[in-house]
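Working notes, beginning with the structure itself.
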């Protein structure tokens with residue numbers, strides 16, 4: 001009876017044992033303790049513990065052994081442990097338990113920045129109700145992209161301000177503005193009648209240029225406010241005239257909707273064809289149930305483009321399963337735009353059939369079902385398919401055959417600097433073949449990483465000390481592959497690996 005009682009006491013004591021998750025929140029700019037910071041600790045079930053810091057910036061939680069997400073905020077600006085500055089990281093979990101020093105965590109809160117300025121026309125007059133667009137230059141999902149960010153509208157003084165911005169590199173563009181009133185010539189006209197047609201305006205980038213290649217980058221630091229005044233001078237811009245021979249429309253016109261996408265990285269898409277900065281563009285047209293897709297060069301003056309209209313591109317296909325269809329079969333499929341990261345989704349029927357229509361560009365197919373489902377093999381008829389990317393450029397019809405696999409394993413371990421695990425660094429897993437993309441994992445507070453579900457196969461694994469690393473760019477990762485570890489992940493197996501940290505060149 002005494003032995004049984006002692007066993008119960010030991011079990012209760014073990015269950016009641018807690019570990020500290022504690023430290024100090026500091027202002028990342030002033031390096032001083034941050035008062036009135038809200039600190040929130042979430043366990044894996046989603047339960048939250050929270051407190052507000054006093055003048056010393058300290059926080060303390062006693063928690064059972066486990067894995068936690070730690071957030072902290074002030075003035076509604078939230079950050080996650082491990083996200084760093086300039087918001088380049090993914091965030092790291094806090095691993096609390098025996099042998100872990102989680103009582104001395106340093107949380108550095110970096111305030112948001114802002115970009116403001118004025119917009120004036122070619123005569124120096126304020127432009128009200130102009131649409132201002134921010135573009136952000138950053139690494140998203142391992143790829144360097146310049147993507148649209150926040151927007152604003154100028155007020156009656158031609159002023160704009162965009163706040164709550166993380167540190168980073170931005171471009172500012174005025175993408176639309178109300179038309180200028182035509183100057184009068186002294187003659188009376190009926191209401192609504194103007195002396196001539198109102199011209200369109202090309203997008204204008206800070207500091208006042210229409211070519212994105214000449215735009216000035218704004219490097220915004222945490223807590224800073226940058227001034228970006230834009231003068232909309234008289235810009236040299238061309239126009240695009242679309243003609244659709246044989247369409248049956250008046251004067252071979254092209255009734256429909258067209259959009260121009262600048263070739264290369266950066267720049268805003270154009271919805272108007274009467275004010276186009278010189279350059280090379282991808283033209284996408286939809287109208288009368290048909291589409292056209294082609295690359296054009298626009299110069300000064302008018303550029304006439306003859307379009308050959310085709311039925312809307314239809315991407316159809318069918319999923320099959322390597323093994324018997326699982327209980328939770330694939331329910332959704334997506335085509336993810338390689339340029340923007342935008343996903344276009346379609347439902348997958350019970351028999352595995354799917355269909356997309358009216359899309360053009362370069363897309364990577366994905367399937368969504370259980371966490372273990374992935375595309376193992378893929379082929380395409382009617383369009384090029386290379387390295388898992390489908391190129392759609394006016395194809396009449398495309399048929400995909402996709403084999404879905406479930407054979408997956410687990411890869412976990414530590415990033416090491418000598419004999420010491422390193423937190424908050426990037427571990428990269430890149431496949432040697434197949435349809436899989438490289439993966440990135442930011443190490444946790446104990447230096448660990450854990451790819452819980454990885455398609456079975458052969459990979460290369462390495463770690464670098466740079467979170468905004470273009471791990472999906474083959475040219476960028478090539479110098480690091482010679483020192484990478486070769487890893488084979490078997491189906492339903494668990495592989496553990498310790499990876500030495502590599503220094504990124506030029507840092």
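To keep it simple, each residue is scored yes or no on (1) in contact with a strand residue (DSSP E or B) (Cβ under 8 Å, 6 or more places away or on another chain); (2) loosely packed, with under 15 Cβ neighbours inside 10 Å; (3) modelled with pLDDT of 85 or more.
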site	(1), (2), (3)
242	yes, no, yes
253	yes, yes, no
257	yes, yes, yes
260	yes, no, yes
269	yes, no, yes
274	yes, no, yes
277	yes, no, yes
280	yes, yes, yes
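Each row is one residue, and each column tells you yes or no for (1) assigned to a loop (DSSP other than H, G, I, E, B); (2) modelled with pLDDT under 80; (3) touching a helix residue (DSSP H, G or I) at 6+ places or on another chain (Cβ under 9 Å); (4) in the same structural domain as residue 77 (by TED's automatic domain parsing).
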{"site": "150", "(1), (2), (3), (4)": "no, no, no, no"}
{"site": "157", "(1), (2), (3), (4)": "yes, no, no, no"}
{"site": "164", "(1), (2), (3), (4)": "no, no, no, no"}
{"site": "172", "(1), (2), (3), (4)": "no, no, no, no"}
{"site": "186", "(1), (2), (3), (4)": "yes, yes, no, no"}
{"site": "191", "(1), (2), (3), (4)": "yes, yes, no, no"}
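Can we say residue 419 is more than 22 Å from the chain's Cα centre (by Cα), loosely packed, with under 14 Cβ neighbours inside 10 Å, closer than 25 Å to residue 363 by Cα and modelled with pLDDT of 95 or more? Please lay out each step first, then the result.
Details: more than 22 Å from the chain's Cα centre (by Cα): yes; loosely packed, with under 14 Cβ neighbours inside 10 Å: yes; closer than 25 Å to residue 363 by Cα: no; modelled with pLDDT of 95 or more: yes.
Here the answer is no, as residue 419 does not meet what is asked.
Give the residue, chosen from 404, 494, that is in contact (Cβ under 8 Å) with a residue 12 or more places away in the chain, over 28 Å from residue 138 (Cβ atoms) and buried (at least 19 other Cβ atoms within 10 Å of the Cβ). Don't jump to the end; show me each part of the working.
On the way: 494 fails: buried (at least 19 other Cβ atoms within 10 Å of the Cβ).
Just one listed residue meets the conditions, 404.
State which residue pairs qualify: first residue at positive phi and in the same structural domain as residue 423 (by TED's automatic domain parsing) and inside the range 452-472, second residue buried (at least 17 other Cβ atoms within 10 Å of the Cβ) and in a loop (DSSP other than H, G, I, E, B) in any location, beta carbons under 8 Å apart, and separation of 6 or more residues or different chains.
Cβ pairs passing all conditions: 457/434; 457/436.
Filter the strands (runs of 3 or more DSSP E) completely within the range 94-147 down to those with at least 1 residues that are more than 28 Å from the chain's Cα centre (by Cα) and under 30 Å from residue 34 (Cα atoms). Please lay out each step first, then the result.
Working: elements: 94-96, 105-109, 113-120, 131-140.
Output list reads 94-96, 105-109.
Among (1) surrounded by fewer than 17 Cβ atoms within 10 Å (Cβ to Cβ); (2) in contact with a strand residue (DSSP E or B) (Cβ under 9 Å, 6 or more places away or on another chain); (3) under 19 Å from residue 222 (Cβ atoms), there is one condition residue 108 misses while meeting the rest; what is its number?
(1)
In the range 313-325, which residues are assigned to a strand (DSSP E or B) and either more than 23 Å from residue 455 (Cα to Cα) or modelled with pLDDT under 85 (or both)?
314, 315, 316
Can you give me the number of residues within the range 389-438 that are outside any loop (DSSP other than H, G, I, E, B) and touching a strand residue (DSSP E or B) at 6+ places or on another chain (Cβ under 9 Å)?
Step one: of the range 389-438, the residues outside any loop (DSSP other than H, G, I, E, B) are 389-392, 397-405, 408-417, 420-421, 426-431.
When the remaining residues are screened for being touching a strand residue (DSSP E or B) at 6+ places or on another chain (Cβ under 9 Å), the result is 389-392, 397-405, 408-417, 421, 426-431.
Of the residues in the range 389-438, 30 are outside any loop (DSSP other than H, G, I, E, B) and touching a strand residue (DSSP E or B) at 6+ places or on another chain (Cβ under 9 Å).
Every residue, every condition in (1) within 24 Å of residue 145 (Cα to Cα); (2) surrounded by 14 or more Cβ atoms within 10 Å (Cβ to Cβ); (3) at pLDDT 90 or above; (4) not assigned by TED's automatic domain parsing to the domain that holds residue 210, yes or no:
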residue	(1), (2), (3), (4)
297	yes, no, yes, yes
303	no, yes, yes, yes
327	no, no, no, yes
336	yes, yes, yes, yes
349	no, no, yes, yes
354	no, yes, yes, yes
369	no, yes, no, yes
382	no, yes, yes, yes
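Looking at (1) within 16 Å of residue 278 (Cβ to Cβ); (2) at pLDDT 90 or above; (3) crowded, with 16+ Cβ neighbours inside 10 Å, which one does residue 238 not meet, given that it meets all the others?
Checking residue 238 against (1) within 16 Å of residue 278 (Cβ to Cβ); (2) at pLDDT 90 or above; (3) crowded, with 16+ Cβ neighbours inside 10 Å, the one that fails is (2).
Based on this model, can you work out whether residue 505 counts as touching a residue at least 24 places away in the same chain (Cβ under 8 Å), more than 22 Å from residue 444 (Cα to Cα) and touching a strand residue (DSSP E or B) at 6+ places or on another chain (Cβ under 7 Å)? Spell out how you get there, then give the answer.
Numbers: touching a residue at least 24 places away in the same chain (Cβ under 8 Å): yes; more than 22 Å from residue 444 (Cα to Cα): yes; touching a strand residue (DSSP E or B) at 6+ places or on another chain (Cβ under 7 Å): no.
No, not satisfied.
Considering each of 501, 461, 467, 481 in turn, give the residue that is closer than 12 Å to residue 411 by Cβ and either buried (at least 16 other Cβ atoms within 10 Å of the Cβ) or at pLDDT 95 or above (or both).
Numbers: 501 fails: closer than 12 Å to residue 411 by Cβ; 467 fails: closer than 12 Å to residue 411 by Cβ; 481 fails: closer than 12 Å to residue 411 by Cβ.
Just one listed residue meets the conditions, 461.
How about the range 473-491: which of its residues are touching a residue at least 12 places away in the same chain (Cβ under 8 Å) and over 23 Å from residue 338 (Cα atoms)? If you could, list the steps in order and put the result at the bottom.
Looking only at the range 473-491, we keep the residues that are touching a residue at least 12 places away in the same chain (Cβ under 8 Å), and these are 473, 477, 479-481, 483-491.
479, 480, 481, 483, 484, 485, 486, 487, 488, 489, 490, 491, listed by residue number.
The values are calculated or read from the model by the stated rules, or taken from the named source; none is laboratory data. Bear in mind that the values here come from a model prediction, so they are computed numbers and not experimental data. Heads up, the Cβs are rebuilt from the backbone with ideal geometry, glycines too, and the neighbour counts pull from every protein chain shown.
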